[in-house]
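Working notes, structure below.
Just so it is clear, none of the values below were taken in a lab; they were calculated from the coordinates. Everything numeric here is computed off the predicted structure, so don't read it as measured data. So basically every Cβ, Gly included, is an ideal-geometry build from the backbone, and we count neighbours across all protein chains shown.
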Amino acid sequence: MAARHDVSPQQIATTAAQDACFLRKKTYLRPYSHKVDRQNGSVQPVERRRSGTRARHVTQAALISASMGWTAFRERMERVVGPMEAYDLLMELTRDAGYRHFAVLTARSGADTALPYQVVLTSLSHSSVREYQELDAASGDKTLVEALRGGRPFFWDRRTPAPLSARAADAGNDNRATDGLLSRLGIRTGLGLPVFRARAPHGFALFGGERPVPDIGQAAHLSFWCNGIYERMARFEQSQRDRPRSRLTARELQCLSWTSAGKTSVEIAAILGLSEHTVNQYIASSSQKLGTVNRTQAVAEAIRLRLID
């Protein structure tokens, strides 16, 4: 990940005029549904179109608009009753703010220094998350680790190459590989916001894309929403932990375990002597039983429940 910059009014006030439109109204392509990627099991929102027609443009008030009242906020938040609703709302916030992707991380305590954070919900595919984690661990880049420990908002911008002096000062953190991966995913700028909930580790909501750094007002609105979602997630995570663990079959656990090890569906099929279609069915069924939206969250939930290592 690129070098971190703590947010300050002096650094980002110049973008206020550019972001003003986001604080009033936003044009969306509506309506949209969800499409399951059979290759990786991820769930992505897609526009629903009629044959031979264009998607309908509907103008509505932005979620992060200062004009939204407390009642509307509370009613919208109460509809977050599971991972799918949390995913939908975070995806809507992501688009509303002009970003492409989001990720919600939770800090992990203990001796596992290779992965001091856990991805609990993201719009990225499992393969992209896995590749980033491997590159991040190999690069020695401590940006994300320090951000999680510090619990402060930060942003990064890699739209232009860093000057030689900055590269020399950051020689210990070779993040060219992770920057390259993020660039291929359409992520060259980003914002990290700390999120908190009672009696649980704090986390971070990350947004990435190619838009300029948001102003303080927009970042504050995003932070308000993200902390509300993070608190709601604690409720259905607890209900998932209370479910009987025997619901997952041996094959489903095997497929999740190999997925956690970084294997693709094709590789898992060869290892277990199954067809790729059958492996995808096992992963999809285990994800449904665990109440998650894709294989990335299914693996994270299975690890959290100590169903797999």
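General remarks:
- Residue pairs whose Cβ atoms lie under 7 Å apart, separated by 6 or more positions or on different chains, with the first residue in the range 274-295 and under 19 Å from T122 (Cα atoms) and in contact (Cβ under 8 Å) with a residue 40 or more places away in the chain and the second in a helix (DSSP H, G or I) and among the basic types (K, R), are I283/R295; S287/R295; K289/R247.
- Here the helices (runs of 4 or more DSSP H) wholly within the range 198-309 that include at least 2 residues being among the small types (G, A, S) and touching a strand residue (DSSP E or B) at 6+ places or on another chain (Cβ under 7 Å) are 216-241.
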